[in-house]
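One structure is given below, encoded as structure tokens.
The values are calculated or read from the model by the stated rules, or taken from the named source; none is laboratory data. Note that the structure is predicted; figures quoted are calculated from it, not measured. With ideal geometry, Cβ positions are generated from the backbone for all residues, glycine too; neighbour counts draw on all protein chains shown. Calculation scope for accessible area: heavy atoms of the full protein, side chains included, ligands and nucleic acids excluded. Shrake-Rupley method; radii C 1.70, N 1.55, O 1.52, S 1.80 Å.
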Amino acid sequence: MIEVDHLSRHFGPVTAVDDLSFNVGAGEILGFLGPNGAGKTTTMKVIAGFLAPSSGGVRIGKHDVSRSPLAVKRLLGYLPEGAPAWPDMTPFGLLRFAARVRGMPVSLRDARMQQLITQLALEEVLLRPMESLSKGFRRRVGLSLALLHDPAVLILDEPTDGLDPNQKQQVRDLITSLSRDKIVIVSTHILEEVEAVCTRAVIIRRGRLVADATPDALAARSRWHGAIALRLDRPVQADVFAGIEGVDDLRSEDRNGQDWTLFVTRDAVGGPVIDRVRERLDAIGAPIREFWLHRGRLDEVFRELTLGPPAESA
Amino acid sequence: MRATIAIMLRELGSYFATPLAYVFIVIFLVLNGVFTFQLGGFYERGQADLTPFFGFHPWLYLFLVSAIAMRLWAEDRRSGTLELLLTLPVRLREAVLGKFLAAWIVVGTALLLTFPIWLTVSFLGQPDHGVILASYLGSWLMAGAYLAIGSCMSAASTNQVIAFILTAAVGFLFTIAGFPMVLDTAQGWLPPMLLEAIAAMSILTHFQGIARGVLDLRDLLYFLVMIGGWLIATAIVIDLRKAG
């Protein structure tokens, strides 16, 4: 269990993290979201023990990060922002160094290294200096360093940044395949990633918490939640849909009027709106060819929560 | 201890994987040669000792050790590797000590490689080997003191050039603390006790003590305290910057 408790962190006059509280339990993969400069990286640095909190604190398990940093760092696998590494070292050298610092027995170290080298496809660059590696390889070496000791808690600051789509998928698979009793915090600004990987999402804005919910629950806050996408047999005019109870807005998705999206009022979601729509369309001789319901759009909710006038805490 | 050694070995690997250590060693040897033979009048003196050789060491270290010390922390901080290092389960003092020891070993290696001059003087005459050995030890300790100052300055700064200048400046102050030009200026307005304290802080005075072949416990202690004190200061500076 990670408990972030009224955490604040200032840099001179700038407040990077402002009275932030949230918990993460075992088995959870928490997506940590926010626009650039919202305080994600600062928060992760405090959790990893690299920065001290200005006030408040972080507990991991039964350890306070400020009071017993060593115990926390033993539990923790941390991928810092940008996956830094000494440019003259090879991935092999880095892994050996981390294993030595962590006091891993040689047999365990070799087994883990072999496993990670295969999992993250590092074989071909193993003996090349970090400065000669591509961004994608550097990121994956950083991940291997974080995963080396099979940590109970993983803090990953933008783990898929700079990876190509295939590598992104590999890393996501890796994260979801971690055993069920681990705690994972992943910061990202790629929202599909949150839906694909995370069991919960925390959104911060200017250092403050603005949302803490499952990705589905967050997506359900968007006006796209429960919206009906239609494809009709023949084009119709917008006024066909006028006055259907539960439909509060609509838009045409193509030029000729065959594809439509009907937005549904909050209390009508999951209700009989679709039946009313079908009746109406059947009556004018433009039957539905296909339709589906939107789950809601995380990007829209994200925008609403992080732009415009400061919203109240949720 | 384990982490200290791991960090020391990693740093040593970095010194020798890049041209850094080689350049340092070569320049150190060349300058030593130039100073000893050209400026020091090694042959002209007609004495079988290494006084001119060791006499230039404080000044050599002042900029060469500052140069090697400036990257100790500043580079790691700038490149983000400091974050990688300090989020591993290491105590701050282990990291400080590991980095210091690696740099100290590099300087020590350079110093050891001046052994031909010892051979030369042994070949030409009958030097006091005890004095030479003590001088080597003193020189290495003195290098450690400059290095520890540099460690602290490097920790305080993200910019390596600033770290270099600060190290050289503070090192210079400590070097000349016992000189008349410092003491005379302070004479009028500082209480005698403080004046004596300043004089006692001089790197040069303590080094010259050892270089004469007198291994005074106070001189040894002085260097060890200097090294320990500045390394503790390094850890404090890093801790302060963590809190911001």
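Miscellaneous remarks
- Residue in segment B:95-107 that is touching a Pro at 6+ places or on another chain (Cβ under 6 Å) and within 12 Å of chain A (Cβ to nearest Cβ) present: no
- Among the residues making up segment B:1-38, a single one is within 24 Å of residue B:66 (Cβ to Cβ), among the aliphatic types (A, V, I, L, M) and touching a Phe, Trp or Tyr at 6+ places or on another chain (Cβ under 7 Å): B:21.
- Filtering segment A:163-181 to residues that are in a loop (DSSP other than H, G, I, E, B) and surrounded by fewer than 16 Cβ atoms within 10 Å (Cβ to Cβ) leaves A:164, A:179, A:180, A:181.
- Given (1) open to solvent by 30 Å² or more (accessible area, probe 1.4 Å); (2) in a helix (DSSP H, G or I), number of the condition residue B:210 does not satisfy: (1)
- Enumeration of residues in segment A:7-58 that are among the small types (Gly, Ala, Ser) and surrounded by 16 or more Cβ atoms within 10 Å (Cβ to Cβ): A:8, A:16, A:31, A:34, A:38, A:39, A:48, A:49, A:52, A:54, A:56, A:57
- Residue check for residue B:72: open to solvent by 30 Å² or more (accessible area, probe 1.4 Å), within 16 Å of residue B:144 (Cα to Cα) and in contact with a Ser or Thr (Cβ under 8 Å, 6 or more places away or on another chain): no
- Candidate set: segment B:162-195, residues that are touching a Leu at 6+ places or on another chain (Cβ under 7 Å) and of a type in the set (S, T, N, Q); chosen: the one least open to solvent (accessible area, probe 1.4 Å): B:175
- The set of residues in segment A:129-138 being assigned to a helix (DSSP H, G or I) and open to solvent by less than 10 Å² (accessible area, probe 1.4 Å) consists of A:130, A:136.
- Listed by position, the helices (runs of 4 or more DSSP H) contained in segment B:1-67 that have at least 3 residues being within 14 Å of another protein chain (Cβ to nearest Cβ) and open to solvent by 40 Å² or more (accessible area, probe 1.4 Å) are B:2-17.
- Note on segment B:213-244: among residues that are hydrophobic (A, V, I, L, M, F, W, C) and part of a loop (DSSP other than H, G, I, E, B), the one that is nearest to the other protein chains (Cβ to nearest Cβ) is B:215.
- Segment A:250-298, residues that are more than 26 Å from residue A:219 (Cα to Cα) and open to solvent by less than 30 Å² (accessible area, probe 1.4 Å): A:257, A:281, A:286
- Among residues of segment A:139-162, those that are over 13 Å from residue A:83 (Cα atoms) and either assigned to a strand (DSSP E or B) or basic (Lys, Arg) (or both), counted: 2
- Test: residue in segment A:281-298 that is touching a residue at least 12 places away in the same chain (Cβ under 8 Å), within 30 Å of residue A:24 (Cβ to Cβ) and acidic (Asp, Glu): no
- Residue count, segment A:108-128 (criterion: over 22 Å from residue A:173 (Cα atoms), of a type outside the set (A, V, I, L, M) and either in contact with a Ser or Thr (Cβ under 8 Å, 6 or more places away or on another chain) or open to solvent by 90 Å² or more (accessible area, probe 1.4 Å) (or both)): 1
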